Every structure is written in structure tokens, then in C-alpha cells.
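Structure first, commentary second.
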Amino acid sequence: MSFDFEAVRAFERAGWQKAAGEYRATFAGATQEFADALVDAAGVGRGCDALDLCCGPGVAAAAAAARGAVACGLDFSPAMLAQARASNPDLRFHQGDAEAVPLPDASFDAIVSNFGIHHVPRPERALTEALRVLRPGGVLAFTTWAAPTHNIAWQLLFDAIRLHGDIDAASSPPSGGGLGEAATVKRLLRDIGFAEASAKILRREWRLARAGDLIAALRRGTVRTAALIEAQHPAARLAIEAEIARRAGAYRRDGRYFIPLAAILGRGVKPR
């Protein structure tokens, strides 16, 4: 089966254009849990020139700026960039493709990407571009979701769909990611030419007021997962939501839900 990179790019772009308006109020509650660890791994500090690649609403760029960095962001979604600029009026945000970054060679001391690289049709091209625009000795750090077997949020959803719906219902193009294991991320960084390549699992908790907030966030603040949810028959969706609410009870304490999350944090250094 041939892989249509442009179909993946068009699907992702259309999805993020749609999700941008509700992302901060929904799925950002999960992704922002990893932002501080990400900028720590990249060694972001005062005076550092930092790029937030696939920046979305600019959460990682804001975290870098809070450390005193001269931060900017890049994303291919105008709607996401509008959210980033509204939330961070003092930062610069560029529209562009991570596979062909419209910025000069050796421009940055650090590059971070918080759950963006696995949405690119060819992650290896995005990481090669990151290597190009880093200065010698500069650091790249990025996060990608660990496989669903490590990730309770997705495990709850996929198990419920297998019970009450159709796990193959979505007609979306295949993902260009495949970065759900630490060994895969580390190998990719090495193959591209990064030194000191490393990858490890980070674990956090997604704090939600109601069990129903989990599927609402996945439905309104994601792209590929949202397409799978929307592809379910309406009656099946009700059963899926009820199943998730029932199983999520195992993660309820003090009147709230604390859903375990797992991400892969990849890090590499541009050789001097």
C-alpha cells in the first residue's frame, strides 16, 4: 500500500484548523502537563534562542519564554497560530511546514516540540530540518504519545470502542508517526545525525472534573482520535461514553478524575 504524504498533511491541517478554537479548553489539559519537562530537557534558559516546532497554541513557546528565552513558534495551521498569538502577544509565530522550515540554518540554541512531530507525515524530515536550524551544540527535545498499552486515556477509549463500536470505522489516512516506543525515537534521532540521543517515558496525570470530559476533550481537541470517535454510530457513541465513565471510576479521588498519561521524551544534540 502506497503512503500518500499529502493526504496525511491535508487531513492533519484540516483537523487542527477545526480543533484550534477548543483545544485550550479541552486537550491542552493533557499536553501542557509535559511542557516544563520538555523545556528542561532542551536546556532552555535566559537569552537562549528557542523554537517551538509544531507549536499549536504556543504552550511550549510560552514555557520557554518564562525561562527567559527569546522564544518563537512555527505551525502550519493558521487557526492554531491565531490562538498562539492571542495568548502570547509578545512572542513571534511563523506559519510554515515542519518538513520545510522557512528559517535560516543555525538559528536556534534549542528546539522543542510538544506532541507535534508525530503529526507530521514524515517525522524524519521534520527532525532533519530541526537539526539544520539548530546551532552546533544546540539541543532538540520533543514529546510524542507512548503506545496505548502504556496510556490509560487511550486505552479507556479504544477498549470501549472495541466493546461497543468499530475500531476501524474512521476513513482517515494512516499516521506518519509510529513513534510510540522509546527505542524507536532514540534510533530515529541517531539515524538523522543527533549526538547524545536519548528517549525515555514520562508519566503524568490528566486532571478532569468529570469522566465525560475525557471523551469530550478527545472528540473536540484532537484530530485522528476525534475522527475515530465521530465515525462511530450515534447509539454506539452513547455506549462508548458510558463504558468510559464506568471504567474511569478507578481513577477517581477527592471528587475528581486523575487519568494516567505516558509520553516519550526524545532528546538529541547537534554535533559541534
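Read-outs: derived from the displayed coordinates by stated rules, not from any lab. Owing to the predicted nature of the structure, the values given are computational and were not obtained by experimental measurement. Virtual Cβ from ideal backbone geometry, glycine too; neighbours counted across all protein chains shown.
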Quiz item: Looking at Leu127, is it under 22 Å from Pro271 (Cβ atoms) and in contact with a Leu (Cβ under 9 Å, 6 or more places away or on another chain)?
Solution: yes
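Just checking, which of Arg207, Arg203, Arg247, Arg224 is touching a residue at least 24 places away in the same chain (Cβ under 8 Å) and farther than 16 Å from Ile259 by Cβ?
Values: Arg207 fails: farther than 16 Å from Ile259 by Cβ; Arg203 fails: farther than 16 Å from Ile259 by Cβ; Arg247 fails: farther than 16 Å from Ile259 by Cβ.
Selected residue: Arg224, the only one of Arg207, Arg203, Arg247, Arg224 that is touching a residue at least 24 places away in the same chain (Cβ under 8 Å) and farther than 16 Å from Ile259 by Cβ.
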Practice problem: Considering (1) within 24 Å of Arg204 (Cβ to Cβ); (2) part of a helix (DSSP H, G or I), say which one Gln17 fails and leave the rest. | Solution: (1)
Quiz item: When you scan the range 14-39, how many residues do you find that are within 30 Å of Gly137 (Cα to Cα), touching a residue at least 60 places away in the same chain (Cβ under 8 Å) and acidic (Asp, Glu)?
Solution: 1
Quiz item: Quick check: anything in the range 113-123 touching a residue at least 40 places away in the same chain (Cβ under 8 Å), more than 24 Å from Ala63 (Cα to Cα) and not hydrophobic (A, V, I, L, M, F, W, C)?
Solution: yes
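Return the residues of the range 83-101 that are small (Gly, Ala, Ser) and within 18 Å of the chain's Cα centre (by Cα); say none if nothing qualifies. Don't jump to the end; show me each part of the working.
So in the range 83-101, the residues small (Gly, Ala, Ser) come out as 84, 86-87, 96, 98, 100.
Selection gives Ala84, Gly96, Ala98.
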Quiz item: Out of the residues in the range 96-108 that are without any contact (Cβ under 8 Å) to a residue 40 or more places away in the chain and in contact with a helix residue (DSSP H, G or I) (Cβ under 6 Å, 6 or more places away or on another chain), which is farthest from Asp52 (Cα to Cα)?
Solution: Asp105
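Within the range 136-171, count every residue that is of a type outside the set (A, V, I, L, M, F, W, C) and surrounded by fewer than 14 Cβ atoms within 10 Å (Cβ to Cβ). Can you show your working first?
Filtering the range 136-171 for residues of a type outside the set (A, V, I, L, M, F, W, C) gives 136-138, 143-144, 148-151, 155, 159, 162, 164-166, 168, 171.
After this cut, where a residue has to be surrounded by fewer than 14 Cβ atoms within 10 Å (Cβ to Cβ) as well, the list is 136-137, 149, 162, 166, 168, 171.
Qualifying residue count for the region: 7.
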Practice problem: Being of a type in the set (Lys, Arg) and either out of contact with any Gly (no Cβ under 7 Å at 6 or more places or on another chain) or part of a helix (DSSP H, G or I) (or both) is the filter here, so list the residues in the range 40-90 that pass it. | Solution: Arg85
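Counting only residues that are within 27 Å of Gln83 (Cβ to Cβ) and touching a helix residue (DSSP H, G or I) at 6+ places or on another chain (Cβ under 6 Å), which one in the range 176-201 is surrounded by the fewest Cβ atoms within 10 Å (Cβ to Cβ)? Steps first, please.
Taking the range 176-201 first, the residues within 27 Å of Gln83 (Cβ to Cβ) are 176-177, 179-180.
Then keep just the ones that are touching a helix residue (DSSP H, G or I) at 6+ places or on another chain (Cβ under 6 Å); that gives 176-177, 179.
On the way: Gly176: 22, Gly177: 17, Leu179: 22.
Looking at the filtered set, the residue picked out is Gly177.
Would you say Val44 is over 24 Å from Ala10 (Cβ atoms), of a type in the set (A, V, I, L, M) and crowded, with 24+ Cβ neighbours inside 10 Å? Before the answer, list the steps.
Values: over 24 Å from Ala10 (Cβ atoms): yes; of a type in the set (A, V, I, L, M): yes; crowded, with 24+ Cβ neighbours inside 10 Å: yes.
So Val44 passes the test.
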Quiz item: Residues of the range 47-69 being under 20 Å from Phe34 (Cα atoms) and without any contact (Cβ under 8 Å) to a residue 24 or more places away in the chain, which ones?
Solution: Ala66, Gly68
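Can you report the number of residues in the range 64-82 which are within 16 Å of the chain's Cα centre (by Cα) and either surrounded by fewer than 24 Cβ atoms within 10 Å (Cβ to Cβ) or hydroxyl-bearing (Ser, Thr, Tyr) (or both)? Explain how you work it out, then say what you get.
Taking the range 64-82 as the starting set, the residues that turn out to be within 16 Å of the chain's Cα centre (by Cα) are 73-77, 80-81.
Applying the additional criterion that residues be either surrounded by fewer than 24 Cβ atoms within 10 Å (Cβ to Cβ) or hydroxyl-bearing (Ser, Thr, Tyr) (or both) yields 76-77, 81.
Number satisfying all stated conditions: 3.
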